[in-house]
Amino acid sequence: MKKLVRNILGLALLGTFALTSCDNDNGMDPVDNGPDFSGTFATADQMGRPAINTVFVPSDMKDNFNVTPPSQQGGMYATAFAAGLKALSPAYANDGDKNALGLDATTFGSVLATDVLTVSTTAPTTFYDGTNVLTGRNLADDVITVELLLIFGGEDFTENPNLSDDNVDANDKAFSSSFPYLASPW
Amino acid sequence: MNRLSIILLSVLAMACHSKKETITNPADYAVFLEINSENEKLKLAEKELAFWSEKFEKSPNQTPYLIKMAAANNALFEQKGDINNLVSAENQLIRANEMAGSKSASQLRALAKTHITQHKFREALSALQKADSLGEGKLATQMMLFDVNMELGNYDKAEAFLTGQRETETFNYLIRLAKWHDYEGDTQGAIDQLQRALQKADEMKSEPLKLWTYSNLGDYYGHVGNIEKSYEYYLKTLAIDPHYDYALKGIAWIVFSYERNPEEAERIIKVLQKRHEAPDYQLLLAEIAEFRGNEEAKARHINNFLATVSSPSYGDMYNAYLVTLLENEPEKALELAKKEVINRPTPQSYQLLSYASMLNGRGEEALKLADQYVNGKTFEPVSLYQLATVYKKSGRGKEVEELKKELMGAYFEVGPLMEKEIEKL
Amino acid sequence: MKKSIKLLAASAIFAVGIGIMAADHIDAPAVQGTTADITDFYAFQGENTSNLVFVANLQGLLSPSATSSAMFDENVMVEFNIDNNGDNVEDLVIQAIPRDGKMYFFGPVAPAAPGVTSTIISDATNIASVDITPYGSSAITATQNGMMVFAGPRDDPFFFDFGKFTEIIGGTASGFDAQGTDTFAGSNVMSVVVEVPKSALGGSGTLNTWVEAKKK
């Protein structure tokens, strides 16, 4: 008799288990539940103008610069950027030295420290095309050479010619004129 | 629960069954031994190396290409165990750092990572200190400094890093906290932290981190005597990546050490040997051969091991093993033990030095080292066993008895041959 | 070595305690992931000049074989920030996050709060999604709620002799080569591209923009 009771109990348990796992499956089924977008996200990396962190930010400030909101960057980094420019480039060695935009190290440093890319909604967008300055950034813009010229090129882009152009002027693959604009992968 | 209480529990558990039960089933892992599928990671690493090498040949001033080549070589070493890949990686990273004037923190960290694999912990420390003073990627540098400080026996510095962290809910933090628990002898605490790390790896959907955590859990469950769990986690590892040989090695150890089935363990190791050149396999085979009483096979495997690791490419990677292998060359053993203490001044290394001193008839010195640097400072069973032999020869019966008690719960970890010796203590 | 081997064969070496399985665990895995590394940010006028295009590139220097297995990280949200009143505080954001093979876009929409922490504005009225283009397929794009969107591997549009620059900064070179090397030639990135009407961005002619990779 005891044995029979145990068997029945066993069966009952089995049944419950089977039922429970069925229920679980149903509960888990994401019929109409979309993807989960919950949670808090914190800045790990950021970028405005090209290569600012690579070129200008002293190594011991890079981590913090990367997670400082742009509205606070100016106050925190302008001085360091100016000092960095002077240390990096002979074109700012003397008092009164300026770049081709007419900015001295202090002014240029404070412009760069707030790392946002300004974009015009009315004019053609370009990093620099000889006329328009910083109205956006196109895929084909030679932004590094522009930055190098502004750092090393002095008042008329002629100083330190071996530092002011990396002599790589264009991408190795043509861009498309329509969305998504970037070239297909290699 | 600390290691001691776990060990006591395991002793009780073991007393219940004199004949070991069988946990493994060849049907569970046959599929991983007979895999015909290509090793995708190996294939990718080969392609990576070819791609970036070709670019570097054309433009030998591009440090980024060197870094990529080194990463591919490291991946190849991981997959195949060919020491030449590791040496190439090191050379490429040294070259890249020279070219960059050691001004790139990420390149310095890459070099340190390779040096850790090579057991060049002092070089790793030096690269990381440079990276730390440069500043970029500070947290990553500090994490690696923790790893290296643990290897160098700088436990205060390692602990200071852990307690100084504010962000403690990250994978990288939790696996280091686990390591700390293990160092303190709290293996169950280590397992708990690894389980939390596993949740993070799951959330990140990171296959490499899951593989790493599963296989480490396999090891740690083995250390606390939970062989079923250990086996389960090795199988979980293999379910994600059938080419993850480390997990099969763990299963082979269960088959040998726990189930006492040397034939099956040997069969597994021999398959692994064909896929991966790690010299460690020769030692496992030698140990199995000794267990089976096959002196000829044992000598052959040790011969192979010594021939392999005597290549300068291995550097100091196997010194710790060599010290115990060179029982009949006491002077050489002592020399290597001294070197190991310099490279890695941990209690385990000091125990090797103490052991080697004993071999050379310097009993007093051995005892002094044991008292000063080892006793009470490590929970590693192998070190504890060696410590017990030193104490035994010095007539310190009380300490021997205490150590013996602790060691009786570590039979699985140390294997059947050492078990016999522990019983004789 | 031969001499020692003969001698060794006679001794019970494993009794000494070599502990092959007890000694080392695997080294800790590499600390820094690259899935949240932004390699580049672009903002330019679209083919339709009433639109602006934002591009964020992640995970640089992918070889073709590495590209085939590269994935967006589901814990990383790409957030384009738009300040339309000149205070360098974002007034609008466009958020992009991958889920199960699709990239979801939210915005332009006001953020829950400006700054370094964000939640996803999943109830934004402007929502778009697109299948992430697999490597080897032609670009899959989608147009929804006035937005055009794309996500997937692309040729890295950036060009720079980064190797030479590294040497100059490291003090081991004194200047660029007369013919530079495009370090990024032949390599790919993971791109997120979104094109939106300028009218949805506000402002009076000039916007300040930047991109963030935010981790859960």
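Once you have the alpha carbon radius of gyration of chain B, what is it after dividing by 2.2 N^0.38 Å, with N set to its residue count?
Cα Rg divided by the expected 2.2 N^0.38 Å: 1.00.
Can you bin segment A:52-156 into rounded, prolate or oblate? Criterion: square roots of the alpha carbon gyration tensor eigenvalues sorted a ≥ b ≥ c, rounded for a/c under 1.5, prolate for a/b above b/c, oblate for the rest.
Oblate, since a/c reaches 1.5 and b/c is not below a/b.
Can you bin the protein assembly as shown into rounded, prolate or oblate? Criterion: square roots of the alpha carbon gyration tensor eigenvalues sorted a ≥ b ≥ c, rounded for a/c under 1.5, prolate for a/b above b/c, oblate for the rest.
prolate
Which distance in Å, rounded to a whole number, links the C-alpha centroids of segment B:251-320 and segment C:139-216?
51
Using Cα pairs under 8 angstrom and six or more residues apart, how large is the relative contact order of chain B, in percent?
Here the relative contact order equals 15 percent.
Can you check what the net charge comes to around C:S138, using other residues whose Cβ is under 13 Å from the Cβ of C:S138 (Lys, Arg +1; Asp, Glu -1)?
Cβ neighbours under 13 Å give a net charge of 0.
Mind checking the dipole of chain B: about its Cα centre, +1 per Lys or Arg Cβ, -1 per Asp or Glu Cβ, Debye to the nearest 20?
640
Excluding A:T43 itself, what net charge comes from residues whose Cβ is under 10 Å from its Cβ, given Lys and Arg +1 and Asp and Glu -1? Please list the in-between numbers first.
On the way: positive: C:K214, C:K215; negative: A:D45, C:E79, C:E212.
Here the charged neighbours net out to -1.
Taking Cα centroids, how far is segment A:146-162 from segment C:53-86 in Å?
A separation of 31 Å, based on Cα centres.
Which of rounded, prolate, oblate describes segment B:243-313, given a ≥ b ≥ c as roots of the alpha-carbon gyration tensor eigenvalues and a/c under 1.5 marking rounded, otherwise prolate only if a/b is larger than b/c? Could the numbers behind the result be given before it?
Values: a/c = 2.40, a/b = 1.17, b/c = 2.05.
Note, shape of segment B:243-313 comes out oblate.
Say the dipole of segment A:52-156 comes from +1 at the beta carbon of Lys and Arg and -1 at that of Asp and Glu; which of A:N64, A:T122, A:V146 then lies farthest toward its positive end?
Checked the options; the winner is A:N64.
What does the charge dipole of the protein assembly as shown about its Cα centre add up to, to the nearest 20 debye, if the Cβ of each Lys and Arg holds +1 and the Cβ of each Asp and Glu holds -1?
Here the size comes out at about 2980 debye.
Compute the angle between helix B:138-151 and the longest alpha-carbon principal axis of chain B, please, reported from 0 to 90 degrees and rounded to the nearest 10.
With both axes taken from Cα atoms, the answer is about 30 degrees.
Under unit Cβ charges (Lys, Arg +1; Asp, Glu -1), what dipole magnitude, rounded to 20 debye, does segment B:167-226 have relative to its Cα centre?
The calculation lands at about 140 debye.
Identify, among B:G189, B:W212, B:I175, the residue whose Cα sits farthest towards the positive end of the charge dipole of segment B:167-226, taking +1 on the Cβ of Lys and Arg and -1 on the Cβ of Asp and Glu, with the dipole about the Cα centre.
The residue sitting most towards the positive pole is B:W212.
Tell me the angle of helix B:63-80 to the major Cα principal axis of chain B, expressed in degrees between 0 and 90 and rounded to the nearest ten.
30
What angle do you read, to the nearest 10 degrees and between 0 and 90, between the alpha-carbon axis of helix B:187-203 and the longest principal axis of chain B?
30
Provide the net charge surrounding A:T135, with neighbours chosen by a C-beta distance below 12 Å and charges set as Lys +1, Arg +1, Asp -1, Glu -1.
Surrounding charge for A:T135 is -1.
Mind listing the phi-derived Karplus ³J(HN,Hα) values for segment B:345-354, rounded to whole Hz, using 6.51, -1.76 and 1.60 with θ = phi - 60°, and x for any glycine or proline?
Once rounded to whole Hz, the list reads x, 9, x, 4, 5, 4, 5, 4, 5, 4.
Measure up B:K43/C:K215; B:K138/C:K214; B:K80/B:K229; B:K80/B:K332; B:K205/B:K249; A:K62/B:K138 against 21 Å on the Cα-Cα distance and list the ones that go over.
Flagged as over cut-off: B:K43/C:K215; B:K80/B:K229; B:K80/B:K332; B:K205/B:K249.
Between B:T22 and B:E264, 0.36 nm times their residue separation minus their Cα-Cα distance comes to what?
Full-extension gain reported as 85.9 nm.
Computed from the coordinates by the stated procedures, all read-outs in this text should not be read as laboratory data. These figures come from a predicted structure and were not determined experimentally. Counting neighbours? That spans all protein chains shown, and the Cβs are built from the backbone with ideal geometry, glycine included.
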